[in-house]
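First up is the structure itself, then whatever we jot down about it.
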Amino acid sequence: MNAQDARYAPDSAYAWMRLALALLVGTIACVGSWSAVVVVTAVQQEFGVMRADASLPYTFAMIGFGVGNIAMGRLADRVGIAMPIVLGAVLLGAGYALASIAGSLWQFALAHGFLIGLGAATGFSPLIADLSHWFRRYRGLAVVFGASGSYLAGMFWPQLINWGVETHGLRTTHLWLGIACLAVMLPLAPLFRRRPNAASIAAAEAVSAGARGSLGLSPNQLQLLLVVAGFCCCVAMSMPQVHIVAYCSDLGYGVARGAEMLTVMMALGIVSRVSSGFIADKIGGTATLALSSVMQGMALFLYLWFDGLSSLFIVTGIFGLFQGGIVPMYAVIIRDYMPPREAGMRIGIVMSATVFGMAFGGWVSGLIFDATSSYRLAFLNGLAWNLINLSIVCWLMLKARSKLAAAS
């Protein structure tokens, strides 16, 4: 290996610098995943609609985010991650500008779906897939750090957006969000032009091919199972993430307290994600996913019994600490078992399923609330979907173990 190859090898100092820059890009881009969550009640007041209708901009954003994960991931597979970052910045800037002048809820929601959601996707699975090529020994840790950009966004942006809405109004706040995305993401894009060399990709392909043989599933079969599992886990996850602000408002604690709880959830979610990366590098992505799924179900169960202000802060913190490692584990599993040249697209497909699960879960939770004037059944609905996810992941673990036992 010559000096230049060593400088840009997996796990090198350059790889860690690239990870730090990716974390910054993800934190900025993923504002598009969270801004609609914070302004649900403001949207109700601005457009005079019910709670389920006010949740539609988030649902549209998640649909756009899901489609964008596949499209941007495929683009990153072909030309590298720099171009998706540029495109994402432009889409976010345009989307927030149009949302700031929307004359109706549908215009506001469509700006989130066709522009903001698509642009925000740049900061998630395409970045995760790109990082997975630059790490081998610490891939699990790198993937969860890359995925933590969305949680840093959830920790940083809600407080700022809530302040902006209260101080300057819904529309002005959205305009400045678009300006911020353009100002930060465009200058960083050229720093991501370098791509992994052919030898590194070929070595990764050999490793993943051997892993697929030990599992006994084709790439498409495993992809389908991960899509279903990802959708189910995020229907469960969406109830607290999407509705915690509105839930606190309904309980009389106010929107500001709900935004604080969302910040606590995201902050501890980062701890969870980083911890899951260390664990995944030790016991594997599938086992880590199963462990996280069990703990997420436990946290959802606690929401049924505690709704005091202090206890709700504690339960929300527990939820954040338990569920943060779930979504990145799908990327770790894909990179362990799938062809690396298809990483962007395949990670994008599964991440899209998780996003669609969040979108569906956020909407159906609002629908359940409108029908019952309570979130209790919405929490129970989340528990049921979490059980489906856990069943699929446990089946994959058992299949892998039985295949290894038969081979020995």
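Key figures
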{"read-out": "Residues satisfying the stated conditions in segment 120-143, i.e. open to solvent by less than 10 Å² (accessible area, probe 1.4 Å), of a type in the set (A, V, I, L, M) and farther than 12 Å from A22 by Cβ", "value": "A120, A121"}
{"read-out": "Residues within segment 354-365 that are open to solvent by 10 Å² or more (accessible area, probe 1.4 Å) and either modelled with pLDDT under 85 or within 17 Å of the chain's Cα centre (by Cα) (or both), tallied", "value": "4"}
{"read-out": "Breaking point among (1) in contact (Cβ under 8 Å) with a residue 60 or more places away in the chain; (2) under 25 Å from L131 (Cβ atoms); (3) of a type in the set (V, I, T), for V40", "value": "(2)"}
{"read-out": "Candidates I63, I70, I81 - the one that is closer than 18 Å to V227 by Cα, out of contact with any His (no Cβ under 8 Å at 6 or more places or on another chain), modelled with pLDDT of 90 or more and not charged (D, E, K, R)", "value": "I70"}
{"read-out": "Residues being open to solvent by 10 Å² or more (accessible area, probe 1.4 Å) and over 18 Å from V37 (Cβ atoms) - total across segment 144-168", "value": "3"}
{"read-out": "Checking A111 against (1) at pLDDT 90 or above; (2) aliphatic (A, V, I, L, M); (3) closer than 18 Å to G344 by Cα; (4) buried (at least 20 other Cβ atoms within 10 Å of the Cβ), the condition it does not meet", "value": "(3)"}
{"read-out": "Residue list for segment 96-124, filter: among the hydrophobic types (A, V, I, L, M, F, W, C) and not in a helix (DSSP H, G or I)", "value": "I101, A102, F124"}
{"read-out": "Odd one out for S249, checked against (1) closer than 22 Å to L380 by Cα; (2) hydroxyl-bearing (S, T, Y); (3) open to solvent by less than 10 Å² (accessible area, probe 1.4 Å)", "value": "(3)"}
{"read-out": "Failed item, numbered, when W305 is tested on (1) part of a helix (DSSP H, G or I); (2) open to solvent by 40 Å² or more (accessible area, probe 1.4 Å)", "value": "(1)"}
{"read-out": "Condition check for F319: aromatic (F, W, Y), open to solvent by 10 Å² or more (accessible area, probe 1.4 Å) and in a helix (DSSP H, G or I)", "value": "no"}
{"read-out": "Failed criterion for R341 (all others in (1) closer than 30 Å to M83 by Cβ; (2) open to solvent by less than 50 Å² (accessible area, probe 1.4 Å); (3) not β-branched (V, I, T) hold)", "value": "(2)"}
{"read-out": "Qualifying residue in segment 132-141 (condition: aliphatic (A, V, I, L, M) and either more than 23 Å from T172 (Cβ to Cβ) or outside any helix (DSSP H, G or I) (or both))", "value": "yes"}
{"read-out": "Residue within segment 216-226 that is assigned to a helix (DSSP H, G or I), more than 17 Å from V350 (Cα to Cα), at pLDDT 85 or above and hydrophobic (A, V, I, L, M, F, W, C) present", "value": "no"}
{"read-out": "Matching entry among A290, A384 (being in a helix (DSSP H, G or I) and under 24 Å from A52 (Cβ atoms))", "value": "A384"}
{"read-out": "Failed criterion for L23 (all others in (1) within 29 Å of Q159 (Cα to Cα); (2) more than 14 Å from the chain's Cα centre (by Cα); (3) surrounded by fewer than 20 Cβ atoms within 10 Å (Cβ to Cβ) hold)", "value": "(2)"}
{"read-out": "Where a residue in segment 79-93 is open to solvent by 10 Å² or more (accessible area, probe 1.4 Å) and its partner, wherever it lies, is among the basic types (K, R), with Cβ under 6 Å and at least six apart", "value": "A82/R193"}
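The values are calculated or read from the model by the stated rules, or taken from the named source; none is laboratory data. Everything numeric in this text was worked out from a predicted model, so none of it was measured. Don't worry about glycine lacking a Cβ; one is built from the backbone with ideal geometry, like all the others, and counts go over all protein chains shown. Accessible surface is based on the protein model in full, side chains and every heavy atom, while ligands, DNA and RNA are left aside. Shrake-Rupley method; radii C 1.70, N 1.55, O 1.52, S 1.80 Å.
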